[in-house]
Amino acid sequence: MKIQIPVFCLLLCLVLVSCATTNPFGDDNPYVYGIGDRGQYVFTTTDRGTAQVFANLEVLDYSRVTGCFDPATGFMYGAIEGSFGKTAVNTALGLSGQFEKNRSGITYWTHKESGMQVFVPANGIVLFASEDIESVYDTTYLNPSRGTDTILADRILGASTGVYVSSPLLMPDLGFNIADAAMERFDFILLISDGIKYDVLFGLTDSSFADSFLTLLRSAYVGALREAGKKVDTSYLRQIILKDGTTVYLKDQDYTYELVPSILH
């Protein structure tokens with residue numbers, strides 16, 4: 001059953017012009033290195049169309065949205081990075097009428113409709129979480145620790161939009177029917193996009209498992225084509241679904257803004 005991601009709205013009642021603030025995480029976005037755990041999806045995007053699917057950011061001068069989603073619990077958290085001032089964002093949140101101010105160890109905002117929590121710890125950064133924003137602030141901002149999947153994090157940082165999950169528990173929804181069976185044989189799943197096309201890499205634990213999954217993926221892809229009434233080009237199929245060692249590739253697929261939310265079960 002797919003969990004609906006809470007969408008929150010930063011409906012800013014005053015124009016937030018760029019104020020030449022410094023992103024506290026730097027231009028290479030090391031925030032993504034300190035989030036995510038086994039079985040959790042980590043995503044990041046610099047594509048405004050994709051970002052707007054998650055949150056109505058309106059005129060906020062942001063450069064990247066990064067987040068983590070746990071399909072087992074529905075917990076989501078992350079950060080919006082860009083060139084904007086802490087005071088201006090907090091003022092806008094207060095004036096919007098859509099957020100309630102909460103005071104605990106920190107002063108944060110809760111979106112009235114979705115329940116999403118928002119905290120602005122410094123210029124250039126807005127943290128968000130579906131719950132427990134104080135813990136997110138502590139573990140990803142005050143006391144971040146470098147994760148183990150920095151190679152996968154580097155791959156998605158280099159893309160317009162990217163998603164990865166190490167040791168996945170569920171097969172992502174890519175538009176064709178693939179069961180969740182034998183997910184323990186997957187090391188990772190990685191999606192990278194330039195905003196027009198996307199590729200998916202499926203890392204298996206063994207070459208023989210990769211062979212089996214290659215056959216399964218091609219069969220599922222052909223089934224989806226036939227169900228849509230489209231012609232099956234066997235030669236082209238071998239060019240876009242292929243294997244290299246223990247990695248199976250699905251290449252050159254048309255990207256849509258809704259793709260990232262759709263694969264977060």
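The values are calculated or read from the model by the stated rules, or taken from the named source; none is laboratory data. Just so it is clear, the structure is predicted and the values come from calculations on it, not from any experiment. No Cβ is skipped: glycine too gets one built from the backbone with ideal geometry, and neighbour counts run over all protein chains shown.
Tell me which strands (runs of 3 or more DSSP E) are completely within region 151-265 and hold 3 or more residues being in contact with a Leu (Cβ under 8 Å, 6 or more places away or on another chain) and of a type in the set (A, V, I, L, M, F, W, C), or say none if there are none.
Details: elements: 161-166, 186-193, 197-204, 241-244, 247-254.
Result: 186-193, 197-204.
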Scan of region 144-197 for residues that are in contact (Cβ under 8 Å) with a residue 60 or more places away in the chain and of a type in the set (S, T, N, Q), ordered by number | 145, 150, 160, 161, 166, 167, 193
Members of region 89-135 found to be touching a Cys at 6+ places or on another chain (Cβ under 7 Å) and either part of a helix (DSSP H, G or I) or not assigned by TED's automatic domain parsing to the domain that holds residue 37 (or both), listed by number = 92, 95, 96
Among residues belonging to region 57-89 that are among the aromatic types (Phe, Trp, Tyr) and modelled with pLDDT under 90, point out the one that is farthest from residue 153 (Cα to Cα).
-> 84
The listed residue being farther than 24 Å from residue 262 by Cα and within 17 Å of the chain's Cα centre (by Cα), out of 107, 66, 140 = 140
Which residue, of 149, 154, is at pLDDT below 90, among the charged types (D, E, K, R) and buried (at least 19 other Cβ atoms within 10 Å of the Cβ)?
-> 149
